[in-house]
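Working notes, beginning with the structure itself.
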Amino acid sequence: MSISHLEAIKADARTVREILDKNKYEIDVFQREYEWQRKHIEQLLADLETRFLSNYKEYHERKDVAEYSRYFLGPIIISLKDNKRTIIDGQQRLTSITLLLIYLNNLQRNSQETVDINDLILSEKYSVKSYNLQIPDRKECIDALYNNRYEDYDATNKGESVENVLRTYHDIVEIFPDDLKGRVLPYFIDWLIDNVTFVEIKTYTDEDAYTIFETMNDRGLNLTPTEMLKGYLLSNIDPPEQKLEVNELWKKRIFELKQIDKEEDLEFFKCWFRAKYAQTIRPGRAGAENEDFEKIATRFHSWMRDSRETIGLRKSADFYHFTRKDFDFYSTLYVKIHNASVSFENALDQIYCLEERGFARSFYFPLLAAPVTTSDDEDTIGKKLALVSRFLETFLVYRAVNYRTLAYSSIRYTMFSLIKEIRNKTVRDLASILKDKVSNFDDKLDGIMYLALHGQNRRFIRFLLARITRHIETKCGVASRFVDYVNRGDNSKRYEIEHIWSDRFEEHKDEFAQKEEFQNFRNKIGDLILIPEGFNQSYGLLPYEQKLVHYYGQNLLAKSLSPYCYEKNPSFEKYVRESRLPFKPHEHFKRNDIVERQKLYQRICEQIWSLDAFDEFV
């Protein structure tokens with residue numbers, strides 16, 4: 001790189017406002033797709049919430065936000081060429097921040113006190129408005145998000161990036177912390193745009209930009225938290241042969257974790273230390289200091305060093321045992337949990353369901369590991385994982401059918417308390433604790449009678465219908481396509497939510513005086529089933545009586561609407577008889593039929609998430 005080029009390269013700390021305000025950015029066509037997952041946006045929101053609330057006081061005025069501490073989002077590399085700004089590195093973070101800004105803009109629409117952030121999302125030139133991230137294939141999707149019509153937008157077959165953008169926005173809607181809403185919202189937005197910073201590296205040639213990018217990614221010498229933890233542990237193991245043995249084991253296990261994701265080793269240590277050792281969590285009040293739970297998330301290597309006495313690391317033998325046995329055992333367990341979360345297997349099916357439901361890994365991984373001990377055999381480990389995953393899925397369903405939030409900030413204390421309560425428990429004690437907690441839930445499954453599809457619960461409704469469908473199919477000995485039902489399969493196997501009633505108010509004026517009342521009733525879960533993608537395009541506008549024959553060729557939940565399902569179908573007839581579920585054919589489908597299906601769905605859910613299931617493991 002020449003001297004002149006070096007002089008032209010500039011690196012400056014820039015706030016979100018300075019980076020995005022009326023600035024237009026492009027990305028090269030060969031850059032990777034937008035790939036952020038729920039765990040990434042979850043961690044970002046948790047970090048932002050923690051940093052902001054550590055500064056915020058209720059008596060503060062908005063001008064006081066200027067003195068709050070900063071949060072560093074990382075470097076971005078920009079090539080300035082031909083009067084264009086091209087993002088060479090940082091597309092993932094800039095896209096995610098833009099999605100968060102769009103959400104915040106929508107969230108504050110009806111607030112009395114707002115912050116004008118429109119120019120950070122889009123700007124106008126010559127009376128033409130355009131988004132600051134100028135990525136043509138995402139424009140239609142961003143339009144839907146910006147105009148708060150995301151619940152109606154279908155990203156199917158629009159490309160990987162578009163699907164991931166829409167999914168991430170749904171994740172933000174679902175998990176944005178309640179503690180940052182209401183009066184505090186404009187304070188948070190002020191802080192986000194003026195105190196959250198990037199390091200902007202600007203070059204004036206693509207060659208320089210990519211040289212810097214490669215140097216930062218290929219030749220960086222900074223030690224990761226995992227490497228610093230390894231150095232500390234091995235330095236305290238005295239016999240050289242033990243140190244070499246542990247070093248080989250460490251490299252093998254870290255390599256396995258990185259096969260999942262390049263930073264999965266960091267996630268593992270957070271999970272392990274929270275599951276087995278964390279004792280404290282930051283109180284909810286503004287200005288409170290971070291405790292074990294938060295410190296592990298940010299600097300687990302230094303937390304571990306400071307907590308060595310509590311953990312029981314005093315002499316060389318302790319450090320050897322900790323790495324040779326505990327590290328080996330729990331890293332293997334972590335991979336087992338991960339595999340169950342991404343690949344459906346009947347023995348640990350509810351772990352897959354937790355992942356599909358979008359439950360925070362930062363909660364459910366530590367919870368699953370908490371009761372497991374190094375002395376447990378495989379059968380005991382399987383029972384403990386099944387018990388905890390059953391409890392967590394029950395917890396999620398009970399809350400969701402009653403419109404209770406699952407935002408990180410709303411359940412973090414409940415989840416952390418549970419981690420400590422079930423830590424190292426036997427199968428019998430674990431089953432007793434979890435069963436007792438479910439029996440004392442404030443929420444009950446009768447919330448299903450009021451459950452309806454709306455913009456923010458589409459993913460849950462799909463999941464619930466999939467679980468109901470799979471349950472009755474499994475009970476009848478019918479092969480279930482659960483993975484396809486919950487939309488994890490390829491595009492050719494996708495299922496979608498089908499309204500049994502066509503969207504024709506004029507056909508229901510005998511029961512509804514107002515169209516709004518009809519629409520509200522049409523969205524009740526009793527009027528919903530899952531059908532293959534494309535079915536609605538072919539039959540969606542037909543009257544129910546004409547669609548009914550086509551439903552008979554679908555999954556068992558859809559098929560159960562048809563009288564033919566109750567003829568010469570011994571396995572289904574036996575199941576209905578023994579389960580005493582109120583199945584019945586519906587030759588016509590009126591208002592009361594929806595109510596009856598609603599009751600049927602509730603009864604099926606009561607069987608799926610029955611308290612008796614906890615006793616089966618003892």
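The values are calculated or read from the model by the stated rules, or taken from the named source; none is laboratory data. What you are looking at is a predicted structure, and each value in this text was computed from that prediction instead of being measured. Because the Cβ atoms are built from the backbone with ideal geometry, glycine has one as well, and the counts that use them run over all protein chains shown.
Within the range 532-541, does at least one residue satisfy the condition of being out of contact with any Leu (no Cβ under 8 Å at 6 or more places or on another chain) and either within 30 Å of THR426 (Cα to Cα) or of a type in the set (Val, Ile, Thr) (or both)?
We begin by selecting, within the range 532-541, every residue out of contact with any Leu (no Cβ under 8 Å at 6 or more places or on another chain); these are 532-541.
Checking the rest, the ones that are also either within 30 Å of THR426 (Cα to Cα) or of a type in the set (Val, Ile, Thr) (or both) come to none.
No, that holds for no residue.
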Quiz prompt | When residues of the range 599-618 are limited to those that are among the aliphatic types (A, V, I, L, M) and closer than 14 Å to VAL401 by Cβ, the one nearest to the chain's Cα centre (by Cα) | solution = ILE608
Quiz item: So which of LYS425, LYS435 ends up being outside the structural domain of LEU557 (by TED's automatic domain parsing), crowded, with 18+ Cβ neighbours inside 10 Å and assigned to a loop (DSSP other than H, G, I, E, B)?
Solution: LYS425
Practice problem: Specify the residue that is modelled with the highest pLDDT; the eligible residues are those in the range 476-502 that are outside any strand (DSSP E or B) and among the aliphatic types (A, V, I, L, M). | Solution: ILE500
Practice problem: Only one of these is buried (at least 20 other Cβ atoms within 10 Å of the Cβ) and more than 28 Å from GLN607 (Cβ to Cβ): PHE463, PHE505, PHE518, PHE512. Name it. | Solution: PHE518
Quiz item: Just to be sure, is SER571 hydroxyl-bearing (Ser, Thr, Tyr), in contact (Cβ under 8 Å) with a residue 24 or more places away in the chain and surrounded by 15 or more Cβ atoms within 10 Å (Cβ to Cβ)?
Solution: no
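Considering only residues that are crowded, with 20+ Cβ neighbours inside 10 Å and under 29 Å from the mean Cα position of the chain (by Cα), which ones fall in the range 74-88? Walk me through how you get there before you give the answer.
In the first step, residues of the range 74-88 are kept if they are crowded, with 20+ Cβ neighbours inside 10 Å; the result is 76-79, 87-88.
Residues satisfying the conditions are ILE76, ILE77, ILE87, ILE88.
Are there any helices (runs of 4 or more DSSP H) wholly within the range 43-156 with 1 or more residues that are among the charged types (D, E, K, R) and either touching a strand residue (DSSP E or B) at 6+ places or on another chain (Cβ under 9 Å) or at pLDDT below 90 (or both), and if so which? Working first, answer last.
Values: elements: 91-107, 118-121, 139-146.
Counting at least 1 such residues, we get 91-107, 139-146.
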Exercise. For GLN259, work out the one condition from (1) of a type in the set (S, T, N, Q); (2) assigned to a helix (DSSP H, G or I); (3) under 26 Å from TYR56 (Cα atoms) it doesn't fulfil.
Key: (3)
Quiz item: surrounded by fewer than 16 Cβ atoms within 10 Å (Cβ to Cβ) and of a type in the set (A, V, I, L, M): does that describe ALA288?
Solution: yes
Practice problem: Evaluate the range 376-386: report whether one residue or more is buried (at least 22 other Cβ atoms within 10 Å of the Cβ), in the same structural domain as LEU257 (by TED's automatic domain parsing), over 16 Å from the mean Cα position of the chain (by Cα) and not in a helix (DSSP H, G or I). | Solution: no
Quiz item: Which residues, counting only those in the range 387-408, are farther than 20 Å from ASP436 by Cβ and assigned to a helix (DSSP H, G or I)?
Solution: ALA400, VAL401, TYR408
Practice problem: Taking TYR408 as the residue in question, decide whether it is in contact (Cβ under 8 Å) with a residue 60 or more places away in the chain, surrounded by fewer than 19 Cβ atoms within 10 Å (Cβ to Cβ), aromatic (Phe, Trp, Tyr) and closer than 23 Å to PHE269 by Cα. | Solution: no
Quiz item: If ASP238 passes every condition in (1) exposed (fewer than 12 other Cβ atoms within 10 Å of the Cβ); (2) modelled with pLDDT under 90; (3) of a type in the set (Asp, Glu) but one, which one does it miss?
Solution: (1)
Practice problem: Would you please name the residue that is farthest from THR168 (Cα to Cα), looking only at residues in the range 102-137 that are of a type in the set (Phe, Trp, Tyr) and surrounded by 15 or more Cβ atoms within 10 Å (Cβ to Cβ)? | Solution: TYR131
Practice problem: Could you tell me whether the range 27-39 includes any residue that is touching a strand residue (DSSP E or B) at 6+ places or on another chain (Cβ under 9 Å) and at pLDDT 90 or above? | Solution: no
Quiz item: Quick one: which helices (runs of 4 or more DSSP H) sit completely within the range 511-579 and have at least 2 residues that are touching a strand residue (DSSP E or B) at 6+ places or on another chain (Cβ under 9 Å)?
Solution: 515-522, 535-539, 544-551, 556-559
Quiz item: How many residues does the range 303-316 contain that are free of Cβ contacts under 8 Å to residues at least 24 places away in the same chain and surrounded by 15 or more Cβ atoms within 10 Å (Cβ to Cβ)?
Solution: 1
Self-check item: So ILE172, is it at pLDDT below 90, surrounded by 13 or more Cβ atoms within 10 Å (Cβ to Cβ) and in the same structural domain as TYR34 (by TED's automatic domain parsing)
Solution: no
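Scan the range 438-460 for residues that are crowded, with 17+ Cβ neighbours inside 10 Å and either touching a Cys at 6+ places or on another chain (Cβ under 7 Å) or small (Gly, Ala, Ser) (or both) and jot them down. If you could, list the steps in order and put the result at the bottom.
Narrowing the range 438-460 to residues crowded, with 17+ Cβ neighbours inside 10 Å: 438, 445, 447-448, 451-453, 457, 459-460.
If the condition is that a residue be crowded, with 17+ Cβ neighbours inside 10 Å and either touching a Cys at 6+ places or on another chain (Cβ under 7 Å) or small (Gly, Ala, Ser) (or both), then LEU445, GLY447, ILE448, ALA452 are the ones that fit.
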